[in-house]
Amino acid sequence: MDLNEQLSKIKRGAVEIISEEELTAKLKLNRPLRVKLGVDPTSPDIHLGHTVVIEKLKTFQDLGHKVVFIIGDFTARIGDPSGRNEARPVLDENEILENAKTYQEQVFKILDKEKTEVMFNSHWLYSLGLDGLLELAKHSTVAQMLARADFNQRYKSGNDITILEFLYPLLTGYDSVSVNSDIELGGTDQKFNLLMARQIQKDYGQVPQVVVTMPLLEGTDGVQKMSKSYENYIGISEIPSEIFGKIMSISDELMYKYFELLTQENLSDVKKEHPKQMKEKLAKIIVTKFYSSEIAQNCEEEFNKVFASKELPSEIEEFITSKKEIKISELLVDAGLSVSKKESERLIKQGGVKINEEKIQADKIIKIAGELLIQVGKRKFKKIKTE
């Protein structure tokens with residue numbers, strides 16, 4: 001592939017490249033470049049928002065470059081201060097290692113495992129020692145740290161900033177030195193950390209890495225960035241029908257952004273077709289990537305059966321309860337159809353709950369005799385039975 005084609009694929013969806021001239025020069029070296037992505041295993045699951053940079057990493061991998069996937073098992077103990085108004089809670093070692101295990105299982109649904117170098121930054125950060133840490137600390141100033149937007153905001157509002165948090169960008173910068181990174185990827189919220197790594201590499205006698213930042217993907221609400229805390233996420237390990245249904249729920253405008261950041265489809269061709277057809281295609285591409293084309297086809301047929309033909313799903317999960325009488329809001333939580341009693345009450349009030357295909361008007365105590373069919377929203381169904 002010629003240089004212009006490579007640049008076009010790399011630049012697709014990227015917010016900023018620092019710098020494009022340096023990237024071009026590195027590509028002209030005609031050798032596999034070391035392309036780094038560092039991820040702190042602070043939670044067990046990966047959602048589509050996380051995969052934006054992983055998809056870009058896969059682009060480099062497909063272009064013949066060497067992918068270096070760093071699991072920040074050491075830096076996860078500090079917690080990335082990016083975008084935070086307070087220090088992150090400290091995770092214990094077992095939790096970090098357990099999360100790291102699931103990250104590896106999930107990331108290789110996108111990356112080629114045989115062509116990926118997986119490294120844990122504890123390998124070199126533990127051996128850095130006190131002398132090495134003191135040397136590293138020389139390469140930044142308090143003024144430089146306080147110029148960082150999130151630190152500056154916390155400082156002005158009187159919120160504490162620990163010295164430990166100041167060390168975070170220095171340590172992740174040292175990761176780039178340790179793996180001799182040519183290019184590093186990250187979200188736009190990581191720009192300070194990525195630029196710090198360039199500075200540290202230069203100070204340690206290396207050629208600074210090129211920085212490629214990617215946008216933060218909005219969740220299903222189309223407003224907030226995708227996050228579990230906003231309940232707008234699409235987890236890559238969710239059941240296929242849930243992934244398919246959530247993608248079908250996003251706006252047309254957001255769909256085009258998903259196509260750009262999560263697929264390699266030609267955007268001009270996508271925009272020529274009817275949005276509904278393209279949304280179905282997007283949902284099938286995503287489900288196929290994490291499961292299979294057969295499962296994706298089944299999801300499409302099932303979705304059309306439920307939404308277009310207004311039929312019930314072919315298979316509905318059962319929930320068995322020992323309670324003979326229960327308030328509806330509590331039953332929704334017990335059956336996993338709602339995350340809290342408060343959310344249940346809101347769903348009922350909004351007319352989003354049906355029992356035996358009849359809309360519930362108010363939260364009340366019901367008797368469970370035989371079998372009940374509960375529907376929440378358009379996609380969630382459960383058969384309720386007693387023991």
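Read the figures in this text as sums done on the coordinates, not as results from a lab. As the structure is a computational prediction, the values presented were derived from the model and not from experiment. Cβ coordinates were reconstructed from backbone atoms using ideal geometry, including for glycine residues, and neighbour counts include every protein chain displayed.
Note on the range 1-118: dipole from Cβ charges, positive end direction compared against 70, 6, 48; the farthest Cα belongs to 6. Here's the list of lysines a cross-link from residue 202 could span, going by alpha-carbon distance under 20 Å and ignoring same-chain residues fewer than 8 apart: 26, 36, 138, 191.
At a 10 angstrom cut-off on C-beta neighbours, averaged per residue, how do the peptides 134-144, 343-353, 237-247 rank from highest to lowest?
237-247, 343-353, 134-144
Evaluating kT/(6 pi eta Rh) at 37 °C and 0.692 mPa s, with the Kirkwood radius of the range 238-307 over Cα pairs in the Stokes-Einstein relation, gives 273 µm² s⁻¹. Placing unit charges on the Cβ atoms only, positive for Lys and Arg and negative for Asp and Glu, gives the range 157-300 a dipole magnitude near 240 debye about its Cα centre. Gyration tensor analysis over the Cα atoms of the range 3-214 returns equivalent ellipsoid semi-axes of 26, 20, 17 Å (largest first, whole Å). Based on alpha-carbon atoms, the Kirkwood radius and the radius of gyration of the range 173-318 give Rg/Rh equal to 1.12. Computed from Cα positions, the angle between helix 275-290 and the longest principal axis of the chain comes to roughly 70 degrees. A compact globular protein would have a Cα radius of gyration near 2.2 N^0.38 Å; the ratio found for the range 27-72 is 1.29.
For the range 239-387, what is the per residue volume of the convex hull drawn over the alpha-carbon atoms, in cubic angstrom?
Roughly 127 Å³ of hull volume per residue.
Helix 163-178: angle to the longest alpha-carbon principal axis of the chain, degrees 0 to 90, nearest 10? Once rounded, the angle reads 70 degrees. For residue 128, the amide hydrogen comes within under 5 Å of no other amide hydrogen, counting only partners 5 or more places away or on other chains and with H modelled in the peptide plane.
By the equivalent-ellipsoid construction on the alpha carbon gyration tensor, the range 1-82 comes out with semi-axes of 27, 13, 12 Å, ordered largest to smallest. Relative to the Cα centre, the charge distribution of the range 14-60, modelled as +1 at Lys and Arg Cβ and -1 at Asp and Glu Cβ, gives a dipole magnitude of about 340 debye. Over the range 99-221, the pair-distance histogram of Cα-Cα distances with 5 Å bins from zero comes to 2, 9, 16, 18, 21, 16, 10, 5, 1, 0 percent, rounded to whole numbers. Sorted fewest first by neighbouring Cβ atoms within 10 angstrom, 379, 148, 12 come out as 12, 379, 148. For residue 327, a cut-off of 22 angstrom between C-alpha atoms picks up these lysines, skipping any fewer than 8 places away in its own chain: 341, 342, 349, 354, 359, 364, 367, 378, 380, 382, 383, 385. Hydrodynamic estimate: the Kirkwood radius of the chain over Cα pairs, inserted into Stokes-Einstein at 20 °C and 1.002 mPa s, corresponds to D of 92 µm²/s.
Enclosing the Cα atoms of the range 105-167 in their convex hull gives a volume equal to 162 cubic angstrom per residue.
Remark: relative contact order (the chain) = 15 percent; criterion is Cα-Cα distance under 8 angstrom and separation of 6 or more residues.
Calculated mean residue ellipticity at 222 nm for the chain: -13500 deg cm²/dmol, from DSSP H runs with n ≥ 4 weighted as -39500 (n - 2.57), summed, divided by the residue count and rounded to 500.
When the Cα positions of 303, 237, 173 are compared along the charge dipole of the chain, 303 comes out farthest toward the positive end, with charges on each C-beta of Lys, Arg, Asp and Glu.
With coordinates expressed along the principal axes, the C-alpha atoms belonging to the range 15-133 extend over 43, 37, 30 Å, beginning with the largest. Simple rule: put +1 on each Lys or Arg Cβ and -1 on each Asp or Glu Cβ in the chain, find the dipole, and look at 277, 386, 200; the Cα lying farthest toward the positive end is 277. For q values of 0.20, 0.25, 0.26, 0.28 Å⁻¹, compute log₁₀ I(q)/I(0) with the Debye formula on a Cα-only model of the range 295-362, without solvent. Evaluating at q = 0.20, 0.25, 0.26, 0.28 Å⁻¹ gives log10 I(q)/I(0) of -0.95, -1.12, -1.14, -1.19. Under the convention that each Lys and Arg Cβ holds +1 and each Asp and Glu Cβ holds -1, the size of the dipole of the chain around its Cα centre is about 740 debye.
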